[in-house]
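Sharing a structure, written as structure tokens. Questions coming.
The values are calculated or read from the model by the stated rules, or taken from the named source; none is laboratory data. Treat the numbers as computed from the prediction; the structure is a model and nothing was measured. No Cβ is skipped: glycine too gets one built from the backbone with ideal geometry, and neighbour counts run over all protein chains shown. Side chains are part of the model used for accessible areas, which takes the heavy atoms of the whole protein and leaves out ligands, DNA and RNA. Shrake-Rupley method; radii C 1.70, N 1.55, O 1.52, S 1.80 Å.
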Amino acid sequence: MRVLVAEDEEILAELVATGLRRAGFAVDTVYSGDAALAYLGLYDYDVVVLDRDLPRVHGDDVARRLVASGSRTRILMLTASGTMEDRVAGLDLGADDYVSKPFEFPELVSRVRALRRRSARPVPPQLERHGIRLDTVRRSALRDGRDLDLSPKEFTVLQLLLEADGGTVSAEELLERAWDANADPFTGAVRVCMSKLRAKLGEPALIRTVQGVGYAL
């Protein structure tokens with residue numbers, strides 16, 4: 001759901017981030033190892049796409065510290081060096097997966113999704129409740145057979161509500177897991193997204209507001 005891209009080539013970092021956002025992820029970008037450590041200390045990421053050759057703090061040291069902290073964040077190493085020795089070294093540092101530059105973007109997205117599934121409790125490829133069917137692989141959503149045509153953000157919010165299995169999800173948790181670090185917690189972003197999602201789901205209404213607590217499906 002939430003990904004940190006740590007890559008010193010700013011253009012590449014933003015290209016990766018843009019592609020991951022289009023795939024439905026909330027993404028933050030940093031360009032140095034010290035910034036990566038700062039963000040990893042502040043936010044709960046599912047996956048970090050980590051370039052090994054970061055300035056100020058090397059990517060290897062970022063990986064070591066992350067693993068030593070016991071973090072659940074999964075590490076996808078991204079590097080220009082693709083030799084077997086480098087791949088083995090990266091994995092030995094605690095990386096969960098390894099991608100060499102240049103790479104095919106669909107493969108990167110697929111690997112990030114796979115790592116995200118490993119970072120949390122298992123989520124089935126299809127989530128169903130009250131006539132809603134969400135395919136987390138094909139990124140499709142139906143209600144009683146009708147295509148909902150959701151935006152990436154609406155899809156993520158609906159997925160979080162379905163994963164809660166009838167439980168309440170707070171606005172703070174939705175903001176943390178579906179938006180990036182630039183989201184202002186004092187804006188009505190969650191409320192606006194929820195309003196649009198309710199409209200697309202149609203009647204009878206399925207999402208209820210639990211006053212002072214959050215939202216439930």
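Of (1) closer than 19 Å to Ala23 by Cβ; (2) free of Cβ contacts under 8 Å to residues at least 60 places away in the same chain; (3) under 18 Å from the mean Cα position of the chain (by Cα), Ala164 satisfies all except one. Which?
(1)
Turning to a different aspect of this structure: In the stretch 11-62, which residue that is part of a helix (DSSP H, G or I) and hydroxyl-bearing (Ser, Thr, Tyr) is modelled with the highest pLDDT?
As a first pass, look at the stretch 11-62 and keep what is part of a helix (DSSP H, G or I): 11-22, 33-42, 59-62.
Within this subset, residues satisfying the condition of being hydroxyl-bearing (Ser, Thr, Tyr) are 18, 39.
Numbers: Thr18: 91, Tyr39: 94.
Selected residue: Tyr39.
May I pose another question? Which pairs turn up if I take residues in the stretch 40-51 that are within 17 Å of Trp179 (Cβ to Cβ) and look for partners that are surrounded by fewer than 21 Cβ atoms within 10 Å (Cβ to Cβ) and of a type in the set (D, E, K, R) with beta carbon separation below 6 Å, at least 6 apart in sequence or on another chain?
The qualifying pairs are Asp46/Arg116; Val47/Arg116.
Right, here's the next one. Report the residue count in the stretch 124-137 for those that are surrounded by 14 or more Cβ atoms within 10 Å (Cβ to Cβ) and either among the hydrophobic types (A, V, I, L, M, F, W, C) or in a loop (DSSP other than H, G, I, E, B) (or both).
Result for the stretch 124-137: 4.
Report, by residue number, each residue of the stretch 1-59 that is of a type in the set (D, E, K, R) and buried (at least 19 other Cβ atoms within 10 Å of the Cβ).
Of the residues in the stretch 1-59, the ones of a type in the set (D, E, K, R) are 2, 7-10, 14, 21-22, 28, 34, 44, 46, 51-53, 56.
Correct list: Arg2, Glu7, Asp28, Asp46, Asp51, Arg52.
Would you mind stating whether Thr209 is free of Cβ contacts under 8 Å to residues at least 40 places away in the same chain, polar (S, T, N, Q) and surrounded by 15 or more Cβ atoms within 10 Å (Cβ to Cβ)?
Working: free of Cβ contacts under 8 Å to residues at least 40 places away in the same chain: yes; polar (S, T, N, Q): yes; surrounded by 15 or more Cβ atoms within 10 Å (Cβ to Cβ): no.
No, not satisfied.
With the condition kept exactly as written, say whether any residue in the stretch 167-180 is open to solvent by less than 70 Å² (accessible area, probe 1.4 Å), at pLDDT 90 or above, within 16 Å of Phe25 (Cα to Cα) and within 20 Å of the chain's Cα centre (by Cα).
No - not one qualifying residue is present in the stretch 167-180.
Moving on. Can you name the residue in the stretch 67-99 that is among the aliphatic types (A, V, I, L, M) and touching a Gly at 6+ places or on another chain (Cβ under 7 Å) and, of all such residues, is surrounded by the fewest Cβ atoms within 10 Å (Cβ to Cβ)? Steps first, answer last, please.
From the stretch 67-99, those among the aliphatic types (A, V, I, L, M) are 67-68, 75-78, 80, 84, 88-89, 91, 93, 95, 99; that's our starting set.
Checking which are touching a Gly at 6+ places or on another chain (Cβ under 7 Å) leaves us with 67, 75, 77.
Working: Val67: 15, Ile75: 25, Met77: 26.
The selected residue is Val67.
Is it true that Pro102 is under 15 Å from Leu12 (Cβ atoms), out of contact with any strand residue (DSSP E or B) (no Cβ under 6 Å at 6 or more places or on another chain) and open to solvent by 60 Å² or more (accessible area, probe 1.4 Å)? Steps first, answer last, please.
Numbers: under 15 Å from Leu12 (Cβ atoms): yes; out of contact with any strand residue (DSSP E or B) (no Cβ under 6 Å at 6 or more places or on another chain): yes; open to solvent by 60 Å² or more (accessible area, probe 1.4 Å): yes.
It is true that Pro102 is under 15 Å from Leu12 (Cβ atoms), out of contact with any strand residue (DSSP E or B) (no Cβ under 6 Å at 6 or more places or on another chain) and open to solvent by 60 Å² or more (accessible area, probe 1.4 Å).
Now for a different question. Where the second residue is part of a helix (DSSP H, G or I) and the first is open to solvent by 60 Å² or more (accessible area, probe 1.4 Å) and lies in the stretch 138-160, which pairs have Cβ atoms under 6 Å and are six or more apart or on separate chains?
Partner pairs satisfying both residue conditions: Lys153/Cys193.
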